[in-house]
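The values are calculated or read from the model by the stated rules, or taken from the named source; none is laboratory data. If you're wondering where the values come from, they're calculated on a predicted model, not measured in any experiment. We place every Cβ from the backbone using ideal geometry, glycine too, and count neighbours over all the protein chains shown.
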């Protein structure tokens, strides 16, 4: 047995040199049925069932190197140490993948009484073919058939056959699936925002008065209502009222009369329509700004007036 352990140590050392500390280690049990050449024994047919343990390293996804040790299940009549190289074939598509193997094995059969001379310790070259499947991310099932040809020790021309099954656990993390390539997002130019349509509104007020009076007559109710509604709709606008007279009477009297006329119109808008008085200014200009000839009755009637005008912009839906 000492020779067996020495040979096993040599195989493991050889395996570690070949692997060179790359990732992809695995370990697992194996079970083999060996049909040994009858030339190895004196009488009868020689068969064995061997339970073993494998330690390997897989690299580049297609290659692996593995050292193993096994012993006879029933009678402890054979111990086997071996070193094999595996070449996986085809594409890794998560299904069954074929592989071939080649390597060396060392048989220790010391103590078996039915052996031919020099059959206690022999070395074999071996080849094989099998199928493997990763049944989980870390667990691989493998099965193959193998042929052994003795190259040293004992009789010449000895050939053995075996069926082998293994269950290997990989310690490396499985390669992550490639991230899906996202379709480039097509950026659409934002739809043009329609500019709101606006319109400018001008509201004019023109109130005429009787001679020497500052009373706002009822006929101007529609004009006053239009001004008040506009001011309610647009709370940020103000109104300036301008009072005027004709040229009769003194200039100072006309100035006072024009102011009273402007104030009268302002009071009417504030009191009847509820417009804040601070939004309305009243200014009297007397007889200084006539719009018609004061020499005629018609012209003087046109000059006795209060006028106002305001302009604002309104957004149209």
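Name the residue, out of 177, 132, that is outside the structural domain of residue 24 (by TED's automatic domain parsing) and at pLDDT below 95.
After ruling out the rest, the residue left standing is 177.
Could you list, in sequence order, all residues of region 238-265 that are in a loop (DSSP other than H, G, I, E, B) and either without any contact (Cβ under 8 Å) to a residue 12 or more places away in the chain or surrounded by 14 or more Cβ atoms within 10 Å (Cβ to Cβ) (or both)?
245, 246, 247, 248, 249, 250
Please verify whether residue 36 is over 17 Å from residue 168 (Cα atoms), surrounded by 15 or more Cβ atoms within 10 Å (Cβ to Cβ) and touching a residue at least 24 places away in the same chain (Cβ under 8 Å), treating the condition exactly as stated.
yes
Return the only residue of 213, 204 being without any contact (Cβ under 8 Å) to a residue 60 or more places away in the chain and exposed (fewer than 15 other Cβ atoms within 10 Å of the Cβ).
Selected residue: 213, the only one of 213, 204 that is without any contact (Cβ under 8 Å) to a residue 60 or more places away in the chain and exposed (fewer than 15 other Cβ atoms within 10 Å of the Cβ).
Quickly run through region 216-237 and pick out the residues that are assigned to a loop (DSSP other than H, G, I, E, B) and exposed (fewer than 12 other Cβ atoms within 10 Å of the Cβ).
Result: 217, 235, 236.
Can you find even one residue in region 86-102 that is in contact with a strand residue (DSSP E or B) (Cβ under 6 Å, 6 or more places away or on another chain) and in contact (Cβ under 8 Å) with a residue 60 or more places away in the chain?
There is no residue in region 86-102 that is in contact with a strand residue (DSSP E or B) (Cβ under 6 Å, 6 or more places away or on another chain) and in contact (Cβ under 8 Å) with a residue 60 or more places away in the chain.
Please state which of the following conditions residue 298 fails to meet, knowing it meets all the rest: (1) under 19 Å from residue 213 (Cβ atoms); (2) in contact (Cβ under 8 Å) with a residue 12 or more places away in the chain; (3) exposed (fewer than 15 other Cβ atoms within 10 Å of the Cβ).
Here residue 298 meets the rest and fails (2).
Considering only region 64-94, state which residues are within 41 Å of the chain's Cα centre (by Cα) and loosely packed, with under 14 Cβ neighbours inside 10 Å.
Scanning region 64-94 gives 87, 89, 90, 91, 92, 93, 94.
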